[in-house]
Amino acid sequence: TLSVQLSTNKDNPNLLSILFMSNVLMNNKLCVNHFKKRILVQLLHFFLLTLSLHNSISFVSSWTTTTTTTKTTTAASIIVHQQLTSSRIYTSRTLLARSSRSSKTSSSLFFNMQGNRPSYTILNNSSQAAGNTIDTSLADEDENQEGTLSSKKWQDKVKTLANNSKTFQSLSLKERLLLVEELLNHVDCLAGKDIERSYWNDMLVLKLIPPPSTAAGGADVKYTSHVKNFMGMNKFGMVSLLVTSLQSIKLSLEYQIQKQDQNSSKNYMPSLLRNVKTENIGGRIINIHGPVELFPMFHKMEVWADGNIDIPHDNMEEGQDTESFPHGTSGSSSDRDQESEVALILGAGNQSFITILDCLQCLFYHPRKPVLIKHHPLRPHLQDTCSELFAPLIQRGFLDQVQDGGLEETQAILAHFNIGHVHVTGALATARAIEKKLKESRPDLLEQDVEKMITSELGCATPWIIVPGVYSKRELKMAAKHIVTGKKMNAGCNCLCSQVVILRHDWDQKDEFKKILFDKIRDIPTDPLYYPGSLDRLQKIIENYEPDQVQQIVSKNVVRNYNGDDSDFVQTYVVDCGLYGEDGFNNYALKNEAFGPLLALVELPGSGNSEQFLMNSAVPFVNDKENIYGSLSCSIVYPKKYNFNVIKEATADLNYGCVALNTWSFYGYFGIAYGGSWGGSKYDVTGQSGTGLIGNYFLIPQIQKTVVQSRALTFPLVVDKTFNPPKFIMDIASKFFLRKRHFMNFLHKIIKKI
């Protein structure tokens with residue numbers, strides 16, 4: 001089922017057999033479960049050991065003699081010998097890559113299409129490949145694991161990626177589909193014990209466990225139930241988000257291939273593209289895609305697109321969604337050599353999964369170029385995760401990584417002429433500094449061309465609009481719990497964390513709700529404030545208010561494994577901004593993202609009934625960026641007995657990238673995996689929340705926003721800081737999700753045949 005062709009020593013049956021078996025194992029074509037995988041590993045190890053003892057590893061020496069120096073041959077033999085004696089397996093692709101890295105004549109890998117299955121051809125650079133070769137001579141896994149890199153090493157990595165850029169950009173839809181399928185086969189590593197160190201290191205970053213000596217979760221340490229259970233939730237979130245994202249990308253590529261094939265009898269369409277209705281909402285013509293169920297979050301998601309402009313989906317460029325990225329393809333009017341450009345991802349510091357999703361976006365959607373990841377200094381351990389997960393891309397020279405080397409090195413990478421695109425998750429000041437550096441290092445480019453080189457996901461002072469109405473006691477409690485959970489999760493260091501609560505001044509239940517809100521802040525435990533600079537941001541906001549406008553509400557702290565003091569726990573501040581339009585109103589806490597434990601209360605004057613207040617006061621207030629910062633996401637809370645048509649009209653009018661109805665907008669971010677989008681509003685010209693979108697895997701044209709809705713306001717929270725299921729249950733859930741992937745793939749094939 002898999003063919004391996006050798007450019008040298010084609011007559012060596014031992015090497016041919018080993019390469020064949022290794023490719024079978026690595027591509028997981030037969031390894032549908034761990035039981036079979038373990039058997040194949042043992043068989044392969046026994047096969048390698050037998051051959052090596054019989055031939056004294058002569059097959060490695062004879063093969064490398066034609067392509068490397070004597071020093072390289074010896075190194076390759078030592079590598080094989082070490083792996084055999086330590087009972088560990090290295091695949092053929094790893095051996096080939098390692099033995100070629102120091103050679104003067106490098107080997108290359110590229111995709112061949114044989115029916116529906118991939119094969120790997122090993123080429124010498126002197127062969128006639130006409131731009132289809134992939135240079136792996138400068139890739140170095142050992143450097144990846146060392147972490148600290150010299151200037152020359154990162155330059156070598158950029159050069160390797162640039163040499164492979166033309167090949168990567170020219171991959172057909174079928175070849176990209178093969179890559180995605182191979183990545184799906186590597187997702188199993190996320191639930192393995194080897195990668196579990198990364199999850200424990202996440203706990204270390206969050207200051208929930210003590211520093212390095214015991215950070216890997218050794219048997220000699222008894223972790224608190226909160227730490228273990230939270231780690232299990234973190235692991236499940238990563239697995240479910242990534243598996244579903246890759247499945248959606250795979251489905252999107254299959255659909256595009258089907259549309260290209262004029263002779264295809266298949267007529268399967270993804271549900272987000274199949275279930276579309278056009279509605280006139282408040283004078284706006286909107287194409288509503290969905291809803292789709294967000295499993296296992298028990299939420300529903302819709303994608304809203306502008307229906308006034310009709311762009312046939314069939315006419316989209318293959319795999320490219322220019323509307324999701326308003327700036328279009330980078331460098332459209334310059335003379336830059338885009339065929340040798342590389343996308344640079346500046347990793348996020350607050351969540352590990354963000355960097356991984358950013359990689360998928362830059363590789364398969366925009367700008368669709370090889371990727372260099374520069375990891376955030378808080379999360380160097382993510383490099384090991386990416387090395388495992390993205391191994392098929394790293395081995396082909398389509399992706400590489402560097403650790404943070406300081407400001408000077410980052411600026412040098414930005415200034416490198418092969419960097420054609422930059423994606424950053426961070427603050428507006430960081431994005432502006434990047435743009436400035438790109439302009440300085442590229443004086444020949446127009447300003448608009450430099451702006452097209454950047455996509456970003458930045459901050460937001462996330463508002464919650466409380467629609468005045470008649471709420472039950474449980475509805476008020478659940479609304480408060482949603483808000484406080486969104487505030488306290490990850491110590492408030494999320495771009496979507498709750499920051500602003502908007503109330504009607506003369507609402508009958510205002511005081512009752514505020515009391516319940518304060519009680520929930522006391523009841524829900526506080527996480528340690530870990531993110532650098534967050535405390536300074538909090539203090540700066542607080543200094544802008546009078547003492548009687550600020551109160552700090554004390555709650556219990558999460559139980560962690562620290563024996564030291566609790567000085568890094570910062571209790572939640574509540575700031576009363578006053579009544580809008582009256583003397584003393586201060587919106588400083590609305591104009592500045594706290595990125596920490598601070599919640600601002602704002603009251604708006606009442607005008608007319610509840611529906612008129614929502615449409616004429618609350619929505620215009622948050623849409624005006626002179627009042628509040630950012631446009632990433634917002635939430636609307638309303639009682640069960642309320643006119644939902646008014647809620648839909650308010651949703652249409654809100655200039656936010658995600659609108660959450662009776663829930664936290666975190667679930668909207670999770671919707672990325674199902675084809676939703678995430679980013680600042682396309683109507684926000686300030687750039688406060690960034691440029692471009694993440695997601696939109698099904699290439700929905702003229703996309704406006706993602707709308708996510710809970711079952712009901714009284715429905716229990718899925719993400720709940722007061723209750724984390726036991727770790728062993730979440731481990732089972734993670735493994736189930738991986739098994740579910742195989743079942744869903746099988747089911748998808750059946751559906752397509754039908």
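General observations
- Test: residue in segment 704-722 that is among the hydroxyl-bearing types (S, T, Y), within 20 Å of the chain's Cα centre (by Cα), within 25 Å of V619 (Cα to Cα) and buried (at least 17 other Cβ atoms within 10 Å of the Cβ): yes
- Residues that are closer than 30 Å to N350 by Cα and either open to solvent by 10 Å² or more (accessible area, probe 1.4 Å) or not in a loop (DSSP other than H, G, I, E, B) (or both), drawn from segment 504-527: K514, I516, L517, F518, D519, K520, I521, R522, D523, P525, T526, D527
- Exactly one residue among E409, E435 is of a type in the set (D, E, K, R) and without any contact (Cβ under 8 Å) to a residue 60 or more places away in the chain, and that residue is E435.
- Of the residues in segment 486-496, none is farther than 27 Å from L208 by Cβ and either part of a helix (DSSP H, G or I) or out of contact with any helix residue (DSSP H, G or I) (no Cβ under 7 Å at 6 or more places or on another chain) (or both).
- Of residues in segment 567-621 being part of a loop (DSSP other than H, G, I, E, B) and of a type in the set (S, T, N, Q), the one surrounded by the most Cβ atoms within 10 Å (Cβ to Cβ): N587
- The residues of segment 638-688 that are small (G, A, S) and more than 19 Å from M489 (Cβ to Cβ), listed by number, are A650, A652, G657, G675, G676, S677, G679, G680, S681, G687.
- I434 falls short of the stated requirement of being part of a helix (DSSP H, G or I), modelled with pLDDT of 95 or more and closer than 27 Å to T167 by Cα.
- Note on segment 194-213: among residues that are open to solvent by 30 Å² or more (accessible area, probe 1.4 Å) and outside any loop (DSSP other than H, G, I, E, B), the one that is modelled with the lowest pLDDT is S213.
- Lone unmet requirement of (1) modelled with pLDDT under 95; (2) open to solvent by 30 Å² or more (accessible area, probe 1.4 Å) for N163: (1)
- Looking at L579, L632, L599, just one residue is farther than 24 Å from F518 by Cβ and of a type in the set (A, V, I, L, M), and that residue is L632.
- Matching residues in segment 545-564 - criterion: being farther than 19 Å from G596 by Cβ, without any contact (Cβ under 8 Å) to a residue 40 or more places away in the chain and part of a loop (DSSP other than H, G, I, E, B): E546, G564
- Qualifying residue in segment 355-366 (condition: open to solvent by 20 Å² or more (accessible area, probe 1.4 Å) and either closer than 13 Å to L179 by Cβ or modelled with pLDDT of 95 or more (or both)): no
Here is a yes/no grid of residues against (1) open to solvent by less than 10 Å² (accessible area, probe 1.4 Å); (2) in a strand (DSSP E or B); (3) in contact with a Leu (Cβ under 7 Å, 6 or more places away or on another chain):
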| position | (1), (2), (3) |
| --- | --- |
| I636 | yes, yes, yes |
| Y642 | no, no, no |
| V646 | no, no, yes |
| A650 | yes, no, yes |
| N655 | no, no, no |
| Y667 | yes, no, yes |
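- Applying the condition of being under 30 Å from N609 (Cα atoms) and among the β-branched types (V, I, T) to segment 452-484 and asking which residue is surrounded by the most Cβ atoms within 10 Å (Cβ to Cβ) yields T462.
- Those residues of segment 528-546 which are within 19 Å of N350 (Cβ to Cβ) and polar (S, T, N, Q), in sequence order: S534
- Hey, I672 open to solvent by less than 10 Å² (accessible area, probe 1.4 Å) and under 13 Å from the mean Cα position of the chain (by Cα) or not: yes
The values are calculated or read from the model by the stated rules, or taken from the named source; none is laboratory data. Since the structure is predicted, the reported quantities are computational estimates derived from the model, not experimental observations. Virtual Cβ from ideal backbone geometry, glycine too; neighbours counted across all protein chains shown. Ligands, DNA and RNA are stripped out before the accessible areas are found, and what is left, the full protein with its side chains, is counted by its heavy atoms. Shrake-Rupley method; radii C 1.70, N 1.55, O 1.52, S 1.80 Å.
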